[in-house]
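The values are calculated or read from the model by the stated rules, or taken from the named source; none is laboratory data. Predicted, not measured: the structure shown is a model, and the values here were computed from it. Note that we place each Cβ from the backbone using ideal geometry, even for glycine, and neighbour counts take in every protein chain shown. Surface areas here come from the heavy atoms of the whole protein model, side chains and all, with no ligands, DNA or RNA. Shrake-Rupley method; radii C 1.70, N 1.55, O 1.52, S 1.80 Å.
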Amino acid sequence: MEPAILAVPVLFGPYNFSFKETVDDLLAAHAGTLVRDAAELTAAVVALALDRDARRELGRRAQQVVVTHQGATARNYALLEELLRVRP
């Protein structure tokens with residue numbers, strides 16, 4: 001998420017199980033690029049290097065995904081705390 005926070009385009013591979021929800025959010029917002037191999041990575045990097053507007057827009061969308069989800073940990077904690085609260 002560090003690149004997204006800084007409005008830098010996000011590229012990621014297919015093995016993203018530990019942050020699958022984030023990947024899904026980025027893909028749904030057209031804010032990240034899934035690359036499956038070295039050829040796709042090369043093509044994506046070259047395309048972004050050659051197209052400043054596309055690079056900026058992808059980064060902007062990625063940053064918006066992060067901003068939209070800020071505070072999710074606190075909200076989830078509050079929900080869990082309520083569920084785990086022992087009632088007299």
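Data overview
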quantity: The listed residue being under 15 Å from VAL10 (Cβ atoms) and among the basic types (Lys, Arg), out of ARG85, ARG36, ARG61; calculated: ARG61
quantity: Tally, over region 40-57, of residues that are without any contact (Cβ under 8 Å) to a residue 12 or more places away in the chain and more than 18 Å from LEU27 (Cβ to Cβ); calculated: 7
quantity: Selection count, region 42-57, where residues are open to solvent by 80 Å² or more (accessible area, probe 1.4 Å) and of a type in the set (A, V, I, L, M); calculated: 1
quantity: Complete set of residues in region 1-27 that are open to solvent by 70 Å² or more (accessible area, probe 1.4 Å), touching a residue at least 24 places away in the same chain (Cβ under 8 Å) and not in a helix (DSSP H, G or I); calculated: MET1, LEU6
quantity: All positions within region 28-38 that are more than 15 Å from PRO3 (Cα to Cα) and open to solvent by less than 70 Å² (accessible area, probe 1.4 Å); calculated: ALA29, VAL35
quantity: Within region 58-76, considering residues that are without any contact (Cβ under 8 Å) to a residue 60 or more places away in the chain and open to solvent by less than 60 Å² (accessible area, probe 1.4 Å), the one nearest to the chain's Cα centre (by Cα); calculated: ALA62
quantity: Residue tally, condition farther than 10 Å from PRO9 by Cβ and among the basic types (Lys, Arg), over region 39-58; calculated: 1
